[in-house]
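Engineer: Pasting a structure below so you can have a look.
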Amino acid sequence: MRKNTLVTASVLALVLGMTGCSNPKTTSESSPEATSQVEPTAEATTAQEEKTTAEEKTTEAKTTEATTAKEDPTEDTSEDVTEVETTTETGMSEDAPTEEVPTTVTEQTEAPTAAPTEAPTEAPTEAPTEAPTVAPTQAPTEAPTEAPTEAPTEAPTEAPTEAPTEAPTEAPTQAPVTDGNLHGRDISIVNWYAGDGYWEPANSYEKALAAYRDKIQRDHNFTIRETNIGGWGESYYVQLSSSISAGDPLGQVMELDSSWVPALMNSKMLAPLDTLPALNLTDPKWNKGVTEATRFNGHIYGMSTGHEPRSGIFFNKRLLQEAGYGPNDLYDFQLNGTWTWSKFEEVLKACTRDTNGDGKIDTWGMVNFVNDYYTAAVYSAGAQFVTKDATGHFVNGMNSKQVLNALTWATDMWKKYAEPQPAGTEWDYFKECFNKGEAAMRVTEEYAKAEFGLLEDEWGFVMFPCPDGGQLIAVERETVYTIPSSYDINAANEIAYGFNLYTDPVPGYDSNEVWKLDYYPSYQDTRAVDETLARMRFGPAINRMHPYVVGFDDAIGYYFFQNMAEGVMTPQEAIQSTKSAVKKRIKEQNDTLDAAETADWLTWNQYK
């Protein structure tokens, strides 16, 4: 037996991302909810040259001049990469948002072929019926996301005031590692949800994984483990930033929710990963969305190999049949390319029924947490709340026609077909209503399947539909792996070398298939895994960019979506009400990062 936590499903995902899976995926709006389900997460990065000290001095003067003439990146006038047509009239006035914002939709290098109709023989027989005893593979990036009293995310709103006090000031004497010998280095990967522990491999893949992990540590003379330091949000973040400031980081690799990355990056506490020879950030195993989200002024500060399934629709098969559909029709719509906004409305309408003739609706088309629903609608249109321009600066995406059209359509569907909150119920009423069979569909995160213990009916899972004429798009919000800036380039390179090996696929296993072993036991049919989850992992995807702007959620306010759903504001009015606050936050983030980039990375530069 051996210690290992980033194993099992988490590593299944990590491993998966390696072999040609530059797979796009997504996640939910606001902060995450806690879940007992085990699922995958991961890491990512890229490479670029640095400047010499002499060049920096010359460039600094030029940059100062250029900055005064540079346009404010919070105002975007560029054209969208893809204009998504909708069937909804927006009726925009003259001051309505009209700018189109570029949105990056990443395509997988390897899309799944025809989905198998049955699970691999090893999956259901050997895969554990319960979550493995190792760390939860889906890093609970979903903690308090739904509390109505305050914004769900606890990302720090201000960057720490101190940079690392003991950052290296002299060039290391040892040359960067090139021979694969890590000289006995001990690497701790810190997180907030899973720690060290002995685990019993549950199937042949897990046995092979354990053997592979043991071998790389012996062959390359290092040790690596996962450590749970506890906490969530600010408490977790403060532990890390304080330890880095003190010159003694709690971990050599830090796993972060995407919303915690910018404050550490702003304070120069993260190493520029693209400067490390051990990392080839163009390798298909690295999540391109995370790489781009953490790229600024030519450097990359975060990595991930994960493509965790996120926003989708759980559906009640009995209620669909009672409305005139087959129990698996939604899978067929998804498979044959007809799962669109129009088809979704058709199904919603058919399932919203007065079953006893008393003039009152007895079953509804859907019941949702308002944030999950509106977020999924926006991303399904290929839109983003925040994007980036060619220089890597953040841009306000709220002004795009795509966002307005998606919010307008989503509001119309909500008013017609969403079950209203029953009197006297709590904010999470939607969970009980769906479990009691009162609504046919629930738009939420994939991990919410752990909440269906009381649902007696059979259920399935499909992606959120796309606008008519569009394509299904997965939404990603991966956890991000970083290395503290406390280390010189040689030490950081050894850490990166070990972590890179740790996230490589297990020899002899097809990483495009092995990830399914962790999911089959959690679903009632194989099509959810073979078709929906596979499409989320390997199909077009958008990585949520707005968590990388400090204070963005505060800027739009917790009730931004709820105000539209309840008719307090029209989508156009809601967008206009956030305009100045969003612009301010984005400008502050861009200015802070510009200032942080003037830092003299002395030790790193001397090795370039």
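The values are calculated or read from the model by the stated rules, or taken from the named source; none is laboratory data. Since we're looking at a predicted model, the values are computed, not measured. Using ideal geometry, Cβ is built from the backbone for each residue, glycine included, and neighbour counts are taken over all protein chains shown. SASA here: full protein model, heavy atoms, side chains in, ligands and nucleic acids out. Shrake-Rupley method; radii C 1.70, N 1.55, O 1.52, S 1.80 Å.
Engineer: What is the calculated FRET efficiency for residue 215 to residue 471, with r their C-beta to C-beta distance and R₀ = 30 Å, to the nearest 0.05?
Structural biologist: Calculated transfer efficiency: 0.15.
Engineer: Using alpha carbon centroids, what distance separates segment 360-407 and segment 300-348, in Å?
Structural biologist: A separation of 17 Å, based on Cα centres.
Engineer: Probe 1.4 Å, all protein chains in place: accessible area of residue 329 in Å², nearest 10?
Structural biologist: About 40 Å², ignoring ligands and nucleic acids.
Engineer: Given points 7 Å out from each Cα along the Cα-Cβ axis, report the residue 183 to residue 510 separation in nanometres with one decimal.
Structural biologist: 4.3 nm
Engineer: Any idea of the accessible area per residue across segment 355-462, 1.4 Å probe, to the nearest Å²?
Structural biologist: Heavy-atom SASA per residue in segment 355-462 reads 32 Å².
Engineer: Here is a further query. Seen from all sides and averaged, what is the projected area of the convex hull of the Cα atoms in segment 273-340, in nm²?
Structural biologist: Details: hull surface 27.7 nm².
Convex hull of Cα atoms, orientation-averaged projection: 6.9 nm².
Engineer: With a 1.4 Å probe and all protein chains left in place, how much of the accessible area of segment 276-435 comes from carbon and sulfur atoms, in whole percent? Walk me through the intermediate numbers first.
Structural biologist: Details: 2370 of 4980 Å².
Answer for segment 276-435 is 48 percent, counting heavy atoms of protein chains only.
Engineer: While we're on this one: Just to be sure I understand the model, the point goes 7 Å from the Cα along the line to the Cβ. What's the resulting residue 426 to residue 238 distance in nm?
Structural biologist: Placing both labels 7 Å beyond Cα along the Cβ direction yields 2.6 nm.
Engineer: Return one quarter of the surface area of the convex hull spanned by the alpha-carbon atoms of segment 397-469, equal to its mean projected area, in nm². List each step's numbers first, then the result.
Structural biologist: Numbers: hull surface 27.2 nm².
Its Cα hull, projected and averaged over all orientations, spans 6.8 nm².
Engineer: For residue 415 and residue 356, compute 0.36 nm times the residue count separating them, minus their Cα-Cα distance, and round to one decimal in nm.
Structural biologist: 19.0 nm
Engineer: Of all the C-alpha pairs in segment 451-595, what % are more than 24 Å from each other? Walk me through the numbers before you get to the answer.
Structural biologist: On the way: 6487 of 10440 pairs.
Tail fraction, whole percent: 62.
Engineer: Would you mind listing how long segment 338-449 runs along its three principal axes, going by Cα atoms, in whole Å with the largest first?
Structural biologist: Its Cα atoms span 59, 29, 23 Å along the three principal axes.
Engineer: Here is a follow-up. Rg to Rh for segment 444-495: what is it, with Cα atoms only and Rh by Kirkwood?
Structural biologist: 1.28
Engineer: Tell me, what is the 1.4 Å probe accessible area of residue 362, in Å² to the nearest 10?
Structural biologist: Near enough 50 Å² of accessible area.
Engineer: Set the bar at 31 Å for Cα to Cα. Now go through 285/388; 207/317; 416/436; 285/401; 207/436 and name every pair that lies beyond it.
Structural biologist: 207/317; 285/401; 207/436
Engineer: Order 183, 299, most accessible first, counting only protein heavy atoms with a 1.4 angstrom probe.
Structural biologist: Listed by decreasing accessible area, they come as 183, 299.
Engineer: For segment 480-552, I need the span (max minus min coordinate) of the C-alpha atoms along each principal axis, in Å, sorted largest to smallest.
Structural biologist: 50, 42, 21
Engineer: Probe 1.4 Å, all protein chains in place: accessible area of residue 488 in Å², nearest 10?
Structural biologist: 40 Å²
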